[in-house]
Amino acid sequence: MGKKLLLEHLNVPGIQTLQVYREKGGYKSVEKALNQMTPEAIVEEVKKSGLRGRGGAGFPTGMKWSFLAKPEGKARYLVCNADESEPGTFKDRFLMEKIPHALIEGMITSSVALGANTAYIYVRGEYFYIIKILEKAIAEAYAAGWLGQNILGTGYNLDMYVQAGAGAYICGEETALLESLEGKRGNPRMKPPFPAIAGLYACPTVVNNVETIAAVVPIINMGGDEYAKIGVGKSTGTKLISAGGNINKPGVYEIDLGITVEEFLYSDEYCGGIANGKKLKACIPGGSSVPIVPGHLLLNTLAGEKRLMTYESLSDGGFVSGSMLGSGGFFVYDEDASIPYSLYTLARFYHHESCGQCSPCREGTGWLERILKRMVIDGQGKLSDIDLLAEVAKKIEGNTICPLGDAAAWPVAAAIRHFRHEFEWYVNNPHEVAKIKNGKLNAPIPHPLYEMV
Amino acid sequence: MSSINPTPAFSADTLEVVHSLIKRYPEGKHKSALLPILHLAQAEFGGWLSAPTMDYVATILNIQAIEVYEVASFYSMYNLKPVGKCLIELCHTAPCWLRGAEDIAGHLEKKLNIQFGETTPDGMFTLKRVECLGSCGTAPMFQCGAVFYEDLTNEKVDTILTDLRTANVQSSYVDSDTFRRN
């Protein structure tokens, strides 16, 4: 069993409260950061830890922090991205609900490092019950002197607030999030300037994911070098994986980066294998925006090596035969799940969530949805539609202000690359389409290229 | 369904919360409070945002009405039309679909005898399809107000609908305590 850094005390009764959290060693990283370390030293530890952004992009956190501009007389902000909306991802919600002080503590320690005196936690509006939990935890932290004026008598001041979103996937994109936090539509900004230079209220701002910020706590407590010993290569530390789809044990698991995908999927400690005795067809391992991979390429790379749960191994083979670790939203398709139908739900998702600023994304995602609908719902697809889908996707990719366009395009390319025969089946069997109940095939579509595993 | 209130006004209790929200941002940046205030307005004025409600919010923040409209029309949680007492928001994105969301969708339509996008004639239930609610590990699921109903089966749905009907309360994401720190 791997080390548990974030979820070590998950099952301790009362761990939601500051008192119990403190009894279990909580807020030590704040004491260490304020009493024994300079802000630069904290940033240095985070750099040494190799921590990479846990929201999906995987950018090195310490480097992101070091970009923060520090002009005289200008406020700096730390903003936590708790807008978790990447389909398949529910780890941040889990962490905030179960151990809210892990996030608050990480926010304080990180704010010390960045020299921020105000910090916001932007939570998606659908998670209002989580917002209540966070408000309560923040109130406890204020009452105990961990927030407010002159924290631990060091002269350091920090105010922390929760901000509620109102239903918009795009607000997970950091500049859209900042727009939303300023009370506007969530339209992503042109970059540069990056938030590190001009973010919230045009002030230098760092935006980090919930899990990233929570990971700062063990890094400061154990030291960056110790943290970096966990994992493989540039994938250091532990990662929360949201496991869902057709598996026996859906849920949130903290893994050491570097365990095999096979162990994660089949061991009883984690997913517990495919549900209902079915076979594995495919998996989206890092949230809906990353490429879908067929079972055999999920478990092994094209070169036949065992695939690991790391940033590098999951992307081995690029988009031709690999995928990405992304947000760790790992959802599994059994032999009966229709890949074209799945793609239809994702195209519908991206169309709905496109902010509408850039025409390739606004119009292109609509095209994708409509073509897929006529194919998998109405049974009126044409063979030429398959290439049309790929072409529309290609024209969205790279032609938009923010990555939502890419996120809409990638799943299309991968689904067609690996499962073209299923799209052809829909086109060639229009009378069967109506009989398929809810995208669950009555029998697997025969696969000409590889066996299901 | 609530009728349009021509002159909406927050209760004294909610106004206190509104003013505390405005203080969370630097001076001159009070527009940041718009999203949470719209949530409070929707909860207090019948579960949706009418034009008079939005105009009222604009006066509170001393911003143009159009600034409120453009935000209210962007985010999916603001209802710009009246909804039933219980707004049932079923997630239908891929991870929920894999675990049977469409079966639950069919059951809800049959049970309530309405389609998604419609409200029951008694004004009790509105059915709405929504995108990923971050509940993939406990799918299928729907949200009603701030409550997540998870690991749904047809039988569970029946019980929930009966309970909601009995409770007979306007579903809401927030109440005036949501943003209070005590």
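The Rg/Rh ratio for the stretch A:18-229, using Cα coordinates for both the radius of gyration and the Kirkwood hydrodynamic radius, is 0.93.
Comparing the full protein assembly with the isolated chain (1.4 Å probe, heavy atoms, ligands and nucleic acids excluded), the residues of the stretch B:69-93 losing at least 30 square angstrom of accessible area are B:E70, B:F74, B:Y75, B:S76, B:M77, B:H92, B:T93.
In summary, the helical segments of chain A meeting the span-like criteria, namely a full DSSP H run, a Cα extent along the axis of 18 angstrom or more and a mean Kyte-Doolittle hydropathy of at least -1.0, are A:100-114, A:128-143, A:210-222, A:339-353, A:359-376, A:383-396, A:404-428. Here B:L15 and A:A303 are evaluated by their C-beta separation; at R0 = 51 Å the FRET efficiency comes out at 0.20.
Note on the stretch A:339-433: Kirkwood hydrodynamic radius from all Cα pairs is 12.9 Å, rounded to one decimal. When the pairs A:K132/B:K29; A:K64/A:K229; A:K278/B:K111; A:K47/A:K281 are compared against a 29 Å limit on Cα-Cα distance, A:K278/B:K111; A:K47/A:K281 fall above it. Solvent-accessible area assigned to carbon and sulfur over the stretch A:18-229 amounts to 53 percent, based on a 1.4 Å probe.
In this simple spin-label approximation, A:K249 and A:D268 carry label points 7 Å from Cα along the Cα→Cβ vector, and these lie 0.8 nm apart.
Relative protection proxy for B:36-42, B:75-81, B:128-134, from highest mean packing down: B:36-42, B:128-134, B:75-81 (other beta-carbon atoms within 10 angstrom). Computed from the C-beta positions of A:E226 and A:H431, the FRET efficiency with R₀ = 45 Å rounds to 0.15. For the protein assembly as shown, the solvent-accessible area works out to 37 Å² per residue, with a probe of 1.4 Å and every protein chain left in place. Placing a label point 7 Å from the Cα of B:T120 along the Cα-to-Cβ direction, the residues of the stretch B:83-102 whose backbone N falls under 15 Å of that point are B:83-89. Take each residue of peptide A:338-349, count the partner chain Cβ atoms within 10 Å of its Cβ, and average: the result is 3. For the stretch B:68-104 versus the stretch A:96-116, the spacing of their alpha-carbon centroids is 31 Å.
How large is the Kirkwood hydrodynamic radius of chain A, counting all unique pairs of alpha carbons, in Å? Radius from the Kirkwood sum: 22.8 Å.
Considered as an equivalent ellipsoid built on the Cα gyration tensor, the stretch B:33-116 has semi-axes of 32, 14, 9 Å, the largest given first. Averaged over the residues of peptide A:162-174, the number of Cβ atoms from other protein chains lying within 10 Å of each residue's Cβ is 5.
Annotation for B:K29 and A:K234: the two label points, set 7 Å from Cα along the Cα-Cβ direction, are 3.3 nm apart.
Mind checking how much accessible area A and B bury in total, 1.4 Å probe, in Å² rounded to 100? Chains A and B together bury roughly 4500 Å² of accessible area.
Per-residue counts of other Cβ atoms within 10 Å, averaged by peptide: what ranking do you get for B:152-159, A:191-198, highest first?
A:191-198, B:152-159
Of the residues in the stretch B:34-53, those shielded by at least 10 Å² of accessible area once partner protein chains are present, compared with the chain alone at a 1.4 Å probe, are B:L35, B:P36, B:H39. Mean residue ellipticity, 222 nm, helices only, the protein assembly as shown: the sum of -39500 (n - 2.57) across DSSP H runs of n ≥ 4, divided by residue count and rounded to 500, is -12500 deg cm²/dmol. Note on the stretch A:339-433: with charges restricted to the Cβ of Lys and Arg (+1) and Asp and Glu (-1), its dipole about the Cα centre is near 100 debye. Paramagnetic label reach from A:Q36 (point 7 Å along Cα→Cβ; backbone nitrogen cut-off under 20 Å): within the stretch A:129-161, residues A:146, A:151-156. Summary: within chain A, the longest segment free of GluC sites (Glu not before Pro) located in DSSP loops with at most 12 other C-beta atoms within 10 Å is A:73-304. Mean partner shielding of peptide A:91-98, defined as the number of other chain Cβ atoms within 10 Å of each residue Cβ, is 1. Basic side chains Lys and Arg get +1 at the Cβ, acidic Asp and Glu get -1 at the Cβ, and with that the dipole of the stretch B:89-167 about its Cα centre reaches some 60 debye.
The values are calculated or read from the model by the stated rules, or taken from the named source; none is laboratory data. For clarity, every value in this text was computed on a predicted model and none was experimentally measured. Quick reminder, even Gly has a Cβ in these numbers, built from the backbone with ideal geometry, and neighbours come from all protein chains shown. Heads up: the accessible areas ignore ligands, DNA and RNA and are worked out on the full protein's heavy atoms, side chains in. Shrake-Rupley method; radii C 1.70, N 1.55, O 1.52, S 1.80 Å.
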